[in-house]
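Every read-out reported here was derived from the displayed coordinates using simple, explicitly stated rules and does not represent laboratory data. Keep in mind it's a predicted model, so treat the numbers as computed, not measured. Cβ sites come from the backbone with ideal geometry, for glycine too, and all protein chains shown count toward neighbours.
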Amino acid sequence: MNREEIETIVLEVMLSIIPEMEPSTLDARVSFRDQVEMDSVDYLNFVLTLEKRLGIRIPEIDYPRLSSLDGSIAYLLKVLAEGTSADPP
Amino acid sequence: MQVIRKPHHDGAIPPNLIDYEAACRSFTWQQAREALAGLPDHGGLNIAHEAVDRHALGEKRDQVALRWLDKAGGVEDYTYARLSTLSNRFANLLQTLGVGAGQGVFSVLGRVPELFITALGSWKNHSRFCALFAAFGPEPLRARLAIGRACVLVTTADIYRRKIAQLRDQLPDLQWVLIIDGDETPAGTLDFKTLLEAAGPEFRITSTDAEEIALIHFTSGTTGKPKGALHAHAAVVAHIHSARMALDLQPGDSYWCTADPGWVTGISYGVIAPLTIGARVILDASEFEVDRWYRLLQEQAVNIWYTAPTAVRMMMKFGSDLARNYDLSSLRLIASVGEPLNPEAVLWCRKVFGLPCHDNWWQTETGAIMIANYRAMDIKPGSMGRPLPGIEAAIVERGETGRIRILSDPRTTGELALRRGWPSMFRGYLGDEARYAKCFADGWYLSGDLARRDEAGYYWFVGRADDVIKSAGHLIGPFEVESVLMEHPTVAEAGVIGLPDSIIGETVKAYVVLKPGLCMDDVLHRDLLAHARRRLGPTVAPREIEAREELPKTRSGKIMRRVLKARELGLPEGDLSALLNSQS
């Protein structure tokens, strides 16, 4: 899976949880929670939905790495390339 | 049933409360009041004087009162002397703006030091302080600012632009908006820092009647508008007493309360109680992140940690391995509030931290902890504990014509009631005397919570007596959510309930009947969710919306939320007790 495909999936998952989000105004480097109204339950749902959608398991300790769009893409690229979690617990 | 046995004294630092029964016999509110300083020259009782000024005048003046951990990883300390001066400046600032006694000073802020400065300065100036939840959407903010007739609002540039600017013409009482950050203040607002620096550092609190209203805390009911519960300066007597008893808080402790300032816990136990005791308050600007939380407990050598069941359950979900990387030996007591703490969570804390979590019970209306598990008292996991010394609790049944019947048989479920008259009891609902009066009968405050008491005097939460939803420790009024859904052009009717959730207690679910000819598809579903989240904010908005052909109603047309809930959970529709039991 390439970068664009992963970006599309991350944005789709975000939109399913934060439907009011405007992807065009999102700064990929800044954390989601500093840009959109998102509470910790939303964040948990975001990670769990990504796991389901991509068929991977994301260890809890890695959750903070998914806090921005760039962070999510970099992390998921690495995980999918390795076929395992980026940083096994 | 497993009981966690407690020695009376299990460490180097003796508990504030060693003998519960003896304390219940000997305690009087009068004594607790006399233990406070009071304003000089018999000038009455003012929260700001007890919380900071008296410490700033004494040997604690250079002690850290507040340690702020900002989002960028920075740390800033505020001594008692500095907090006293800054809040003096804020009180002078209010006077310069012509804001006086009884007027509403509101904040919509996260966990930032300006919250403390605003609250303390408002009390010095005899203004009423109210903190609103920063994650509220524009509609809950509008309703609360209007009901509270906010005159001053302290917030951030971002929150102002996104949520408040659009409301300004609907809030005629709101004269001043002060912005704490940003390079440019938006049109129609003033810069908090500039004004604060220009205001004088000296301020003398004038005589304060302990019954003067100091605080407004909003809470939600089943129907109608949010309720603004009023609390007097006298509440500080209950704050310090309960924090000493139930949190074992002692002078100089490193103390971390994770509650958001927008909820009563964040003010009663995030600001007032710890400062009054002379502890060091750890204020963490960031959101929950499990690894960082463990690190914070270690780095700040937290002694007393007051958190919420949702947070504990999130940590449980992440497993206990993480905790092993940290030295958590400074912890002396862990407590939680907001919703009942399940027994597994109590025991999990004992496994991971070496200390059980101490659940306690109270409400916006009670202003302070009323029923608690104590450091030196055995814990029955799942129980909220026993009444605070000075508090008389009972299980009652409401009868005809405003009388109540006390159910003294152990293990009988009824409404949890408290004998009225403790210092932090709310003094009214803003502009709604009838609703206030309905909370009392025969000299008892009726909590709206169903509970039972066992033979040993421990109380057990059973459920809410009404349809109010408890999600992540927040009370959510279904009516407020339904009203916003009904604003959407496609919605004809809406019914909102809470469904059991293993992490956050209850999750908000909405049922809607669409207008004729419309049907629910993905696009509309998202649009409805987005609308609700935009208007209400993520915590209050439903996480699930389902369309129905019709909603169950009474003959008078009222939506029967309980039937919706029973159907969703597959329970008999008429059997309320089964429903409540399933939640306990």
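Data table
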| read-out | value |
| --- | --- |
| Helix A:40-54 vs. chain A, principal-axis angle (Cα, 0 to 90°, nearest 10) | 50 |
| Nitroxide proxy distance, nm - points 7 Å out along Cα→Cβ at B:Lys558 and A:Thr49 | 3.6 |
| Spatially proximal lysines relative to B:Lys6 (Cα-Cα < 28 Å; intrachain offsets below 8 disregarded) | B:Lys317, B:Lys351, B:Lys380 |
| Debye, to nearest 20: dipole size of chain B, +1 on Lys, Arg Cβ, -1 on Asp, Glu Cβ | 580 |
| Among B:223-233, B:279-289, B:362-372, the order from most to least packed when residues are scored by Cβ within 10 Å on average | B:362-372, B:223-233, B:279-289 |
| Point-charge dipole on Cβ atoms (K/R +1, D/E -1) for the protein assembly as shown, about Cα centre, debye to 20 | 1400 |
| Candidate aspartates and glutamates - alpha carbon under 12 Å from B:Lys553, same-chain residues fewer than 8 apart omitted | B:Glu493 |
| Shielding of A:53-65 by partner chains, average beta-carbon count, 10 Å | 2 |
| Selection from B:Pro14, A:Met21, B:Ile469 lying farthest towards where the dipole of the protein assembly as shown points positive, charges on Cβ | B:Pro14 |
| Euclidean distance between Cα centres, segment B:497-528 to segment A:9-54, Å | 19 |
| Spatially proximal lysines relative to B:Lys438 (Cα-Cα < 23 Å; intrachain offsets below 8 disregarded) | B:Lys225, B:Lys227, B:Lys470, B:Lys558 |
| Dipole of segment B:205-309, positive direction: furthest Cα of B:Thr222, B:Val271, B:Ala243, with charges on the beta-carbon | B:Thr222 |
| Order by protection proxy (mean Cβ within 10 Å, highest first), peptides B:40-49, A:59-68, B:79-88 | B:79-88, B:40-49, A:59-68 |
| Gyration tensor verdict on segment B:375-423 (Cα atoms; rounded if a/c is under 1.5, prolate if a/b is larger than b/c, oblate otherwise) | oblate |
| Rounded to the nearest 20 debye, dipole of chain A from Cβ charges on Lys, Arg, Asp, Glu | 320 |
| Chain B shape via C-alpha gyration tensor axes, a/c threshold 1.5 | rounded |
| Solitary cysteines of the protein assembly as shown, where the nearest other Cys Cβ is not under 4.7 Å | B:Cys24, B:Cys130, B:Cys151, B:Cys257, B:Cys439, B:Cys519 |
| Cβ crowding within 10 Å averaged over residues, with B:351-361, B:254-264 ranked highest first | B:254-264, B:351-361 |
| Number of partner chain Cβ atoms within 10 Å, mean per residue of A:12-23 | 3 |
| Shape of segment B:184-297, Cα gyration tensor, a/c cut at 1.5 | rounded |
| Farthest toward positive dipole pole in the protein assembly as shown [+1 Lys/Arg, -1 Asp/Glu at C-beta], among B:Cys357, B:Trp293, B:Ile369 | B:Ile369 |
| Neighbouring partner chain Cβ atoms per residue of B:528-541, average, 10 Å criterion | 4 |
